[in-house]
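Read through the structure below, which is laid out as structure tokens, and then see the notes.
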Amino acid sequence: MRIAFFGSDAIAVPALNYLRWAEGVELVGVVSQPDRPAGRGRHLHTNAVSAWAIAHGIPLLQPEKPGAEEEAWLRGHRVDIALVMAYGHILRRALLDSVPRGMWNLHASLLPTYRGASPVETVLASGEKETGVTLMGMVEQMDAGSVAGMERVPILSTDTGPILRNRLAEACVPLLQRHLRVLVDGTIKLHAQDEAKASYTRKLTKADGQADFTLSAVELERRLRAWQPWPGMSVEHHGQVLKMGAAMVVAESAEGVPGTILRANENGVDVATGMNVLRIQMLQRPGGRMLPVAEFLRGYHFEIGECLPSRPQRPLVSPKPFPRAAFF
């Protein structure tokens, strides 16, 4: 079976590794986002999928926006089926129809919940105990296609965004092992999603990393783990942006308004929240290293009773799609 793969994020690499060596599969080409400026120097950066294709000698297409040229390429190379994961574009009907056995999306949630741009981080921040990868047929509506299969993945209390993302990436392999052949021969059994249970995530922004102490300590600790490495979580103190590296929940009633510093010692910086206390255990100053609080406090002072500012946060999940500006 001749397969094309659309993707732009490292989460897709285990699936690509499987396709490269799977019996009876020819990976005809990879379609990915163009190289983009990144980092302080704004040098062009090649994403993980493009780098994988180049390293393995797989033909690579990097259109600014896929259109008629890519449709012709798929037809001209007699692609049987196309797989898509974290590509970064909504694909239009003409492109979807250019592959005989269809285009199929690997989405990192248990659909119909957590559709959209940030399912991995948002499911972790939301406190779910389980997530997974869904293989679905692609339609023009966001993540709304019929489901071919799922691979479930537990969420652990110590998971960070990168750890959970790696586990979901690996979960794509058994999902493809079970379903790829029947996708190509047309015998797959599909199940429609229940639209009444659908929920949507949005694209995260730098502002999401600014701590809102009116949230509960549990919510803040989950977000701190989920937002690693970006956007991270930080707080402003006397004009400096301090980045948090680790925290824990202290189950005690918080005295004072959310954001009030209750204690600052070798155990951590205890801050009042909307419910219970958040104990910040690692901090980083601008230009410095991330340090355990015991070491950080040797050169930094917090005044007990002062109040750290909070930035109100937008909802992470909605029963309807977020405006397009929230995704791109």
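Miscellaneous remarks
- Computed [θ] at 222 nm, helices only, for the chain once each DSSP H run of length n ≥ 4 contributes -39500 (n - 2.57): -6500 deg cm²/dmol
- ³J(HN,Hα) computed for each position of segment 244-250 - Karplus, 6.51 cos²θ - 1.76 cosθ + 1.60, integer Hz, glycine/proline x: 8, x, 7, 7, 9, 8, 10
- Whole-number percent relative contact order across the chain, with pairs defined as alpha carbons under 8 Å at least 6 apart: 14 percent
- Heavy-atom surface of the chain, accessible at 1.4 Å and reported per residue (Å²): 48 Å²
- Most mobile listed residue (ARG223, ARG115, ARG289) in the chain, GNM with C-alpha springs under 10 Å: ARG289
- Ratio of the Cα radius of gyration of segment 1-129 to 2.2 N^0.38 Å, where N counts its residues: 1.10
- Listed residues TYR300, TYR114, TYR87, most fluctuating in the chain (Gaussian network, C-alpha, under 10 Å): TYR300
- Overall form of segment 193-328 per C-alpha gyration tensor (a/c, 1.5; a/b vs b/c): prolate
- Listed by chain and number, the lysines whose C-alpha is less than 30 Å from the C-alpha of LYS203, apart from same-chain residues fewer than 8 away, are LYS65, LYS129, LYS243, LYS320.
- Selected from GLY256, GLY287, GLY29 as most flexible by GNM, with the chain as the system and alpha-carbon contacts under 10 Å: GLY287
- When a 1.4 Å probe is rolled over the protein heavy atoms, the share of accessible surface on the chain that falls to carbon and sulfur comes to 53 percent.
- Ordering of 32-42, 238-248 by packing is 238-248, 32-42, highest average first (other Cβ atoms within 10 Å, averaged per residue).
- Segment 228-249 and segment 158-174 have Cα centres lying 24 Å from one another.
- Note on the chain: antiparallel DSSP beta bridges, both residues inside, total approximately 70 percent of the bridges counted.
- One equal scatterer on each Cα of segment 108-213, no solvent, Debye formula: the resulting log10 I(q)/I(0) at q = 0.24 Å⁻¹ is -1.38.
- Shape of segment 1-72 from the C-alpha gyration tensor: oblate (a/c of 1.5 or more and a/b not above b/c, with a ≥ b ≥ c the square roots of its eigenvalues).
The values are calculated or read from the model by the stated rules, or taken from the named source; none is laboratory data. Remember, it's a predicted structure, so these values are computed and weren't measured experimentally. Methodologically, a virtual Cβ is constructed for each residue, glycine included, from the backbone with ideal geometry; neighbour enumeration extends over all protein chains shown. The protein model used for the area step is the full one, side chains on, heavy atoms only, and it has no ligands, DNA or RNA in it. Shrake-Rupley method; radii C 1.70, N 1.55, O 1.52, S 1.80 Å.
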